[in-house]
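To keep things clear, I will list the structure first and then write my remarks on it.
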Amino acid sequence: MPDGMPLRRSPLEIEAMESGLRLRRFLRMMREGWPILLIGTVLGVVASVTALRLVIPQYTAVMVIGPTARVGAAAMGARLPVLIGRETAAAASEPGPGDEILSDFARYLQLFTSIPVAERMMADPALLRGLFPDRWSEETGGWRPAPGPVASAKRLFLALVGRSDWVEPDAERVTSALRDRLTVDMVGSGPMRRLRLRHPDRAMALRILSAAAQATDAHLRAEASRRTAAQIAHVRARLAGITVAEHRRALADLLSEQERIAMMIEVDLPLAADAIEPPAAAQRPDWPNPLTVVPVAALVGLVAGALVVSLRRLWQAGGEATP
């Protein structure tokens, strides 16, 4: 290139140089405003520590369930026979190719926080007191309105519109409490599910999770027993009025199959879901986790401080540009 000619740069080089200049200006601005960054970080840490002290720590009860196994040495469910003339398995089977097929395991997951399961759990008063500890009064031995200014404001608002807040929990309230406390996650890509339930009392967390699992299985068992009993009664009634030998033999085979199913339903084994991992919880509260909350709060405070420094710089630049 001849001497005296200006050096021509490509657009990419020019953009890279401009980006470097902007980065240096930003770092210089942050270095000049380091007191604000420090204050923001400290405020974030202080706020997180205060929140951790105000929030009641909770234990997380964890349970892993899966469809009732039908094969293998570890199969824990009652081995129900396959229905005659059908390719789908009986009560503990998983769905087949048809979209209309619904497995008992899918029913189990849906019913875990349902009204029928809640009604079964309400038979244990200790579970109700554990689900609603702030609504139970040890002094009076009865239920009371929720304490606190927020609850009082809610009751006042409901009174103004002609409504009233609930005092004694019902099945709907138990269902809502279970849904608020329970989370269901997939385990890998298989059919197993991990159930998590949080509660300030470790023993109560384990008790509620176990009771919900047992109540759900009991509800499905009762429903399966009811339907099987109805089918057996119907087949027996039809069998009493049939005289054709071939028809009686077919009905007798069907009756025998239904009676086998009814007998296996009565076995005291999991019907719809196996407990792959029984309910367990750590010995110390694990929520909220201070090792996660405090660093995240400090980072948020640092970002907020950087935003304040940037806004201050823009304000100063606007003031200098004003004549």
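The values are calculated or read from the model by the stated rules, or taken from the named source; none is laboratory data. These figures come from a predicted structure and were not determined experimentally. With ideal geometry, Cβ positions are generated from the backbone for all residues, glycine too; neighbour counts draw on all protein chains shown. Side chains are part of the model used for accessible areas, which takes the heavy atoms of the whole protein and leaves out ligands, DNA and RNA. Shrake-Rupley method; radii C 1.70, N 1.55, O 1.52, S 1.80 Å.
Tabulated data
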read-out	value
Val174 being in contact (Cβ under 8 Å) with a residue 40 or more places away in the chain and not aromatic (Phe, Trp, Tyr)	yes
Cβ-Cβ under 8 Å pairs, at least 6 apart or on other chains, region 179-204 side touching a residue at least 40 places away in the same chain (Cβ under 8 Å) and farther than 22 Å from Leu52 by Cα, far side open to solvent by less than 30 Å² (accessible area, probe 1.4 Å) and of a type in the set (Phe, Trp, Tyr)	Val184/Phe112; Pro191/Phe105; Leu195/Phe112
Residue list for region 218-277, restricted to those being in a helix (DSSP H, G or I), open to solvent by less than 40 Å² (accessible area, probe 1.4 Å) and not aliphatic (A, V, I, L, M)	Thr228, Glu257, Gln258
Of all residues in region 141-186 being of a type in the set (Ser, Thr, Tyr) and surrounded by 11 or more Cβ atoms within 10 Å (Cβ to Cβ), the one that is farthest from the chain's Cα centre (by Cα)	Ser152
Residues that are under 30 Å from Ile276 (Cβ atoms) and assigned to a loop (DSSP other than H, G, I, E, B), drawn from region 151-187	Val187
Given (1) touching a strand residue (DSSP E or B) at 6+ places or on another chain (Cβ under 6 Å); (2) at pLDDT 90 or above, number of the condition Pro116 does not satisfy	(1)
Criterion: at pLDDT 85 or above, in contact with a Ser or Thr (Cβ under 8 Å, 6 or more places away or on another chain) and farther than 30 Å from Val117 by Cα - qualifying residue of Leu255, Leu302, Leu251, Leu291	Leu302
Number of the exception - Arg198 against (1) closer than 19 Å to Thr60 by Cα; (2) open to solvent by less than 30 Å² (accessible area, probe 1.4 Å)	(2)
Evaluation of Arg284 against (1) open to solvent by less than 60 Å² (accessible area, probe 1.4 Å); (2) assigned to a loop (DSSP other than H, G, I, E, B); (3) at pLDDT 90 or above (one fails), failing number	(1)
Residue check for Arg70: assigned to a helix (DSSP H, G or I), modelled with pLDDT of 55 or more and farther than 21 Å from Ser176 by Cα	no
